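Asker: Once you've had a glance at the structure underneath, I'll fire off some questions.
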Amino acid sequence: MKLFSNLISAIEITNKTSAKIEALVNYFKIAPDKDKLWLIALFTGKRPSRPVKTTLMREWCMEITNLPEWLFLESYSTVGDLGETMALLLPEPSHKLDLSLHEWMTELKTLKSKSDKEKKAFVLEAWSGLDQQECLIFNKLIGGSFRIGVSKKTLVNALAKLTNIDANQLMHSIIGNWEVDTISFEELIHGSHINYDNSKPYPFCLAYALEKELYELGESNDWIIEQKWDGIRGQIVKRNNEIYIWSRGEELVTKQFTELVEAVNNFKDDFVIDGEILAMKDNDVLLFNDLQKRLNRKNVTKKLLEEVPIGFYAYDILEYNGDDIRELPFEDRRKRLESIFGSIALPEHVQLSFLVEFNKWEELHSIRNNSRAINSEGLMLKQKKSPYHTGRKKGDWWKWKVDPLTIDAVMIYAQKGSGRRSSKYTDYTFAVKKDDALVTVAKAYSGLTDKEITEISQWVNKNAIEKFGPVRTVKPELVFEIAFEGIALSNRHKSGVALRFPRISRWRKDKPADEIDTIETVKQLITAP
Amino acid sequence: MSKENQLVKFTKKGIYCPQGNFYLDPWYPVDYAIISHGHADHARWGMKRYLCTDDSKTILQHRLGADISIESIPYKKELTINGVRVSFHPAGHVIGSAQIRLEYKGYVVVFTGDYKTQPDFITTPYEPLKCNTFITESTFGLPIYNWKSEEELRDDLHSWVRTNQSNNRTSVFLGYSLGKAQRLLSLLDGCDNIYVHRSIHNLNEAILSSGITLPKTKLWSVDLDKKTLQNKIIIAPPAILGSRMLKRLPNPATAICSGWMQIRGNRRWQAVDAGFPVSDHADWNGLISAVKASEAEQVYVTHGSQAVFSKYLNEIGIKANELITEYGDEALAKAEAETDKVTVE
Ligand SMILES: [Zn+2]
Ligand SMILES: [Zn+2]
């Protein structure tokens, strides 16, 4: 496992994606074939099921280290990750085990059906023959997520650099159906198990943020206006009875959105359509927050399918029955899209993105300001004659987002982060004024720099009035600007309002606590939908 | 009342010895302060008189002002103050750091200040001491903290510098000016040219003036040519993160060096490339072995994991109590950040 362990170390001592790719390429150059396949499998979430229960591993670790349970748990809560806690606690190895990644994975696969006694013997033998980093990896191989800052995209870029094969094709290959036991590395990367011609996407056409006045864009009737939906930009590729969904991050996400695949199956034509993947319920678009619940899950439960159904708004068509039509003017492509969508009865969650009706430029201001009420981020302005550009090109497409809503609030509770931020206070609760008292309005955790978090953590340690579990009640002194995507009246909240997607936009060191917003001024931000 | 309570008292101003009429590392201004080492949370400003080790003297003068009233004695030399025999013993924490040993009518108290039991390439090695009352720090008082040997650390740091060099990156190590900076110097000596931030440079000058030798360094100043620094090594205080000075460097790779970096999560959330667990404090086994070697009847546990460590000591049959002090990493970080602010652009 030394090779694999060295790779993990090399990835962990750099923040630069280029250096991570370099380390991966070096690994692929020297690692045995099967090890390479396992690495790809592990980093793309193709893990065999857990062969040993967590509780047993915990028990054995306490037994070996001779630590009382409370001290083990204290350590665990400081580290935030069980596999890592055990690796840190276990004694120095007494001998050296040198198995390849493939050999370890093969052993682990057979372990599942063995008795607890045999499992224990195996795990203890491994622990006593691996150094700290290897123990950590071993514990991670047994179960738990293997998150080490390498995305599928990084992995694919490394493979592309190594082999000169098209990155999207590699993405399709590694995501496709394959098993370590029945494929070779060469076969995998050359895609012997897939037909890339059926899945190949186009580069996305991207828009710049609008940086001029509307009238400077010329005649208003040269433009088509749509809502800018806040979901995942995606391409649906349908060719020869196969359907693929690509995200803008150039990942294949087909399996995550089964509802879309089913709906698209109804079309008889082949095409490549560009659009937005959204969480959509009863014809309403939900927040990106909701959509996130559906992302990167190994299994989507029935409950989740019902709670967060997925929908799609189609923006554009790039290929029709095998013809690349990206050079056609947008208005013509749009017509083609409309006729395809008009040709069959579709389930209501796959729709054509509707156009904004307007005559004069001035009308767009109020339409944009109301976007939030339908969970849209603002407007998209597209020149009628524009082709579907490769990448970002100034002039033909503009995005015109709404400004975020903000309030000034004071911090009243702080809580330590879990896992990666376990030693600092990172989660805060904020309040605004209500008469002479304070009332909680939001909980937020993102948006501050590491330096600010460190400073706030020190302040919290000094200014905690009360400890309640992991929560510290602090003097209401630090003021923050909280930005959020939406606000609505709510009787489930004590304050009477619910903020959607609140985040810290900045620390207002310049503002004393008695100048924060009142609940009345906050409520004034609510616009009738 | 037991004897130890007569020899040291825990007061609002700090740890006090009534017989000797002096304080150990007090956090409020007092007449007579005996100082374990130069860190800002232990050696504070405003005492009428200071006593420290010979090796700490110039450090204290540098940090607290040349005009302070200060006396120093070498390690292990005994000084009798109002009948109390006082001596300093190496603590292995930073240059000049000492445990303070007090003896009165055959009763011995040892106050460790901060200490590290593992030897390194620069500090006088830690000396285990026997006593009746042992007052120990507990910064890393959890069994997850066990340090690598100095040789292993050296290999890790050197190989990181080599990797950076092969990618045309300048290696920037971040650590407090007193202690970590000199330790890093000793670990990186011979790897390549080392440049230090001005706050470290000035402190090093103070250390050199007391006759201690340090590896050769150059001052990292803004007027240095980018080419000169390319692929070299820089040591700077953590406050430099996010500064213009750091941004001006050609392709820097940054590493935080601290015991907290033992935990992956801590390494990953910092806005730096790498984290190396280089600590100036005792690890778990170091703390346990120091307590056991002291054979003390009573242990007091100060800053760090005092609750956990004292609970564990009681469970293994050693009488221990928590002691709330104003020492600790956070106090130090704050004081360091304030002194460094002046020099960091
Ligand atoms: Zn210290
Ligand atoms: Zn200390």
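To keep it simple, each residue is scored yes or no on (1) assigned to a loop (DSSP other than H, G, I, E, B); (2) touching a Leu at 6+ places or on another chain (Cβ under 8 Å); (3) among the aliphatic types (A, V, I, L, M).
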| residue | (1), (2), (3) |
| --- | --- |
| B:THR58 | no, no, no |
| B:TYR75 | yes, no, no |
| B:GLY96 | yes, no, no |
| B:GLN99 | no, yes, no |
| B:ILE122 | yes, yes, yes |
| B:LEU129 | yes, no, yes |
| B:PRO143 | yes, yes, no |
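Asker: Sticking with this one: Kindly indicate whether B:LYS57 is away from ligand 1 (no atom under 16 Å from the Cβ), closer than 24 Å to B:ALA282 by Cβ, away from every other protein chain (no Cβ under 14 Å) and not aromatic (Phe, Trp, Tyr).
Answerer: In short, no.
Asker: While we're looking at this one, here's another question. Could you please let me know if B:GLY190 is within 21 Å of the chain's Cα centre (by Cα) and at positive phi?
Answerer: no
Asker: Just to be sure, is B:LEU287 in the same structural domain as B:PHE111 (by TED's automatic domain parsing), among the hydrophobic types (A, V, I, L, M, F, W, C), under 20 Å from the mean Cα position of the chain (by Cα) and within 16 Å of ligand 1 (Cβ to nearest atom)?
Answerer: Working: in the same structural domain as B:PHE111 (by TED's automatic domain parsing): yes; among the hydrophobic types (A, V, I, L, M, F, W, C): yes; under 20 Å from the mean Cα position of the chain (by Cα): yes; within 16 Å of ligand 1 (Cβ to nearest atom): yes.
So B:LEU287 passes the test.
Asker: Right, another one. Looking at (1) assigned to a strand (DSSP E or B); (2) within 29 Å of A:TYR425 (Cα to Cα), can you tell me which one B:ALA271 breaks?
Answerer: All conditions pass for B:ALA271, except number (1).
Asker: Checking the structure you have, find out if any residue of region B:58-78 is crowded, with 21+ Cβ neighbours inside 10 Å, away from ligand 2 (no atom under 16 Å from the Cβ) and assigned by TED's automatic domain parsing to the domain that holds B:ILE135.
Answerer: Yes.
Asker: Looking at A:ILE194, A:ILE277, which is the one that is farther than 22 Å from A:PRO387 by Cα, of a type in the set (Val, Ile, Thr) and at pLDDT 95 or above? Walk me through it before giving the result.
Answerer: Values: A:ILE194 fails: at pLDDT 95 or above.
Being farther than 22 Å from A:PRO387 by Cα, of a type in the set (Val, Ile, Thr) and at pLDDT 95 or above holds for just one of A:ILE194, A:ILE277, which is A:ILE277.
Asker: Shifting gears a bit: Exactly one of (1) among the basic types (Lys, Arg); (2) under 30 Å from B:LEU102 (Cα atoms); (3) surrounded by fewer than 21 Cβ atoms within 10 Å (Cβ to Cβ) is unmet by B:ARG154. Its number?
Answerer: Here B:ARG154 clears every test but (2).
Asker: Is it true that A:LYS29 is more than 14 Å from every other protein chain (Cβ to nearest Cβ) and closer than 12 Å to A:ALA158 by Cα? Reasoning before the result, please.
Answerer: Numbers: more than 14 Å from every other protein chain (Cβ to nearest Cβ): yes; closer than 12 Å to A:ALA158 by Cα: yes.
So A:LYS29 fits the description; yes.
Asker: Continuing with this model, one more query. Just checking, does region B:237-251 include any residue being at pLDDT 90 or above, in a loop (DSSP other than H, G, I, E, B) and in contact with a helix residue (DSSP H, G or I) (Cβ under 7 Å, 6 or more places away or on another chain)?
Answerer: Checked against the condition, which is being at pLDDT 90 or above, in a loop (DSSP other than H, G, I, E, B) and in contact with a helix residue (DSSP H, G or I) (Cβ under 7 Å, 6 or more places away or on another chain), region B:237-251 yields at least one hit.
Asker: Search region A:348-357 for residues being surrounded by 12 or more Cβ atoms within 10 Å (Cβ to Cβ) and not aliphatic (A, V, I, L, M), and hand back the single one that is nearest to A:ARG368 (Cα to Cα).
Answerer: Step by step, filter region A:348-357, then rank; the result is A:SER353.
Table: residues versus (1) of a type in the set (D, E, K, R); (2) within 24 Å of the chain's Cα centre (by Cα); (3) buried (at least 21 other Cβ atoms within 10 Å of the Cβ).
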position: A:ASN221; (1), (2), (3): no, no, no
position: A:ILE232; (1), (2), (3): no, yes, yes
position: A:GLU242; (1), (2), (3): yes, no, no
position: A:GLU262; (1), (2), (3): yes, yes, no
position: A:ASN265; (1), (2), (3): no, no, no
position: A:ASP269; (1), (2), (3): yes, no, no
position: A:LYS281; (1), (2), (3): yes, yes, no
position: A:ASP284; (1), (2), (3): yes, yes, no
position: A:LEU287; (1), (2), (3): no, yes, no
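Asker: Here is a follow-up. Residues of region A:385-440 being touching a strand residue (DSSP E or B) at 6+ places or on another chain (Cβ under 7 Å), within 26 Å of A:LYS335 (Cα to Cα) and at pLDDT 90 or above, which ones?
Answerer: A:SER386, A:TYR388, A:HIS389, A:ASP396, A:TRP397, A:TRP398, A:LYS399, A:TRP400
Asker: Still on this structure, please answer the following. Return the residue satisfying two criteria in turn: it lies in region B:310-325 and is away from ligand 1 (no atom under 16 Å from the Cβ) and within 20 Å of the chain's Cα centre (by Cα), and of such residues it is farthest from B:PHE134 (Cα to Cα).
Answerer: B:ILE324
Asker: Among the numbered criteria (1) within 14 Å of chain A (Cβ to nearest Cβ); (2) free of Cβ contacts under 8 Å to residues at least 60 places away in the same chain, which single criterion is violated by B:THR254?
Answerer: The number of the failed condition is (2).
Asker: Ok, one more. Testing A:LEU136 on (1) touching a Gly at 6+ places or on another chain (Cβ under 7 Å); (2) assigned to a loop (DSSP other than H, G, I, E, B); (3) touching a residue at least 40 places away in the same chain (Cβ under 8 Å), one condition comes back false. Which one is that?
Answerer: Just one mismatch for A:LEU136, condition (2).
Asker: Looking at (1) more than 16 Å from ligand 2 (Cβ to nearest atom); (2) within 23 Å of the chain's Cα centre (by Cα), which is the only condition B:ASN164 fails?
Answerer: (2)
Asker: Just checking, which of B:HIS303, B:HIS281 is of a type outside the set (Ser, Thr, Tyr), assigned to a strand (DSSP E or B) and within 16 Å of ligand 1 (Cβ to nearest atom)?
Answerer: Working: B:HIS281 fails: assigned to a strand (DSSP E or B).
From the options B:HIS303, B:HIS281, the qualifying one is B:HIS303.
Asker: Taking only pairs six or more apart or across chains, which ones have beta-carbon atoms under 8 Å, a first residue in region A:209-224 that is outside the structural domain of A:PRO387 (by TED's automatic domain parsing), and a second residue that is part of a loop (DSSP other than H, G, I, E, B) and crowded, with 16+ Cβ neighbours inside 10 Å?
Answerer: Filtered contacts from region A:209-224: no entries.
Asker: Next question, about the same structure. Considering every residue within region A:459-466, establish whether at least one is more than 14 Å from chain B (Cβ to nearest Cβ), closer than 30 Å to A:ASN370 by Cβ and without any contact (Cβ under 8 Å) to a residue 40 or more places away in the chain.
Answerer: Scanning region A:459-466, I find no residue that is more than 14 Å from chain B (Cβ to nearest Cβ), closer than 30 Å to A:ASN370 by Cβ and without any contact (Cβ under 8 Å) to a residue 40 or more places away in the chain, so the answer is no.
Asker: Further question on the same structure: Output the residues belonging to region A:106-123 that are assigned to a helix (DSSP H, G or I), of a type outside the set (Lys, Arg) and either closer than 23 Å to A:LEU42 by Cα or touching a Lys or Arg at 6+ places or on another chain (Cβ under 7 Å) (or both). Write out each step before concluding.
Answerer: Step one: filter region A:106-123 for residues assigned to a helix (DSSP H, G or I), giving A:106-111, A:116-123.
So of that shortlist, the ones also of a type outside the set (Lys, Arg) come out as A:106-108, A:110-111, A:116, A:118, A:121-123.
Answer for region A:106-123, where residues must be assigned to a helix (DSSP H, G or I), of a type outside the set (Lys, Arg) and either closer than 23 Å to A:LEU42 by Cα or touching a Lys or Arg at 6+ places or on another chain (Cβ under 7 Å) (or both): A:THR106, A:GLU107, A:LEU108, A:THR110, A:LEU111, A:PHE122, A:VAL123.
Asker: Shifting gears a bit: Tell me, yes or no, whether region B:36-46 has at least one residue that is part of a strand (DSSP E or B), without any contact (Cβ under 8 Å) to a residue 24 or more places away in the chain, more than 14 Å from chain A (Cβ to nearest Cβ) and within 16 Å of ligand 2 (Cβ to nearest atom).
Answerer: Restricting attention to region B:36-46, the residues satisfying the condition of being part of a strand (DSSP E or B) are none.
No, the conditions are met nowhere in region B:36-46.
Asker: Please determine, by comparing only the residues of region B:77-94 that are assigned to a loop (DSSP other than H, G, I, E, B) and within 14 Å of B:LEU51 (Cβ to Cβ), which one is farthest from ligand 1 (Cβ to nearest atom).
Answerer: B:ASN82
Asker: A further question on this structure: When the residues of region B:11-35 are filtered to those that are farther than 20 Å from B:THR80 by Cβ and within 16 Å of ligand 2 (Cβ to nearest atom), which remaining residue is surrounded by the most Cβ atoms within 10 Å (Cβ to Cβ)?
Answerer: B:PRO26
Asker: Taking the condition in contact (Cβ under 8 Å) with a residue 40 or more places away in the chain, farther than 17 Å from A:MET57 by Cα and within 13 Å of chain B (Cβ to nearest Cβ), does A:GLY149 pass?
Answerer: It is true that A:GLY149 is in contact (Cβ under 8 Å) with a residue 40 or more places away in the chain, farther than 17 Å from A:MET57 by Cα and within 13 Å of chain B (Cβ to nearest Cβ).
Asker: Working only within region A:83-105, note down all residues that are buried (at least 17 other Cβ atoms within 10 Å of the Cβ), in a helix (DSSP H, G or I) and away from chain B (no Cβ under 12 Å).
Answerer: Residues satisfying the conditions are A:LEU101, A:HIS102, A:TRP104, A:MET105.
Asker: Say whether the condition of being among the hydrophobic types (A, V, I, L, M, F, W, C), under 22 Å from A:ASN461 (Cβ atoms), crowded, with 22+ Cβ neighbours inside 10 Å and within 16 Å of ligand 2 (Cβ to nearest atom) is met by at least one residue in region B:302-309.
Answerer: Of all residues in region B:302-309, those among the hydrophobic types (A, V, I, L, M, F, W, C) come to B:307-309.
If we keep only those that are under 22 Å from A:ASN461 (Cβ atoms) too, we end up with B:307-309.
If we keep only those that are crowded, with 22+ Cβ neighbours inside 10 Å too, we end up with B:309.
The next check asks that each one be within 16 Å of ligand 2 (Cβ to nearest atom); those that pass are B:309.
Yes, because at least one residue in region B:302-309 is among the hydrophobic types (A, V, I, L, M, F, W, C), under 22 Å from A:ASN461 (Cβ atoms), crowded, with 22+ Cβ neighbours inside 10 Å and within 16 Å of ligand 2 (Cβ to nearest atom).
The values are calculated or read from the model by the stated rules, or taken from the named source; none is laboratory data. Predicted model only: the values in this text are computed from it and were never measured. Virtual Cβ from ideal backbone geometry, glycine too; neighbours counted across all protein chains shown.
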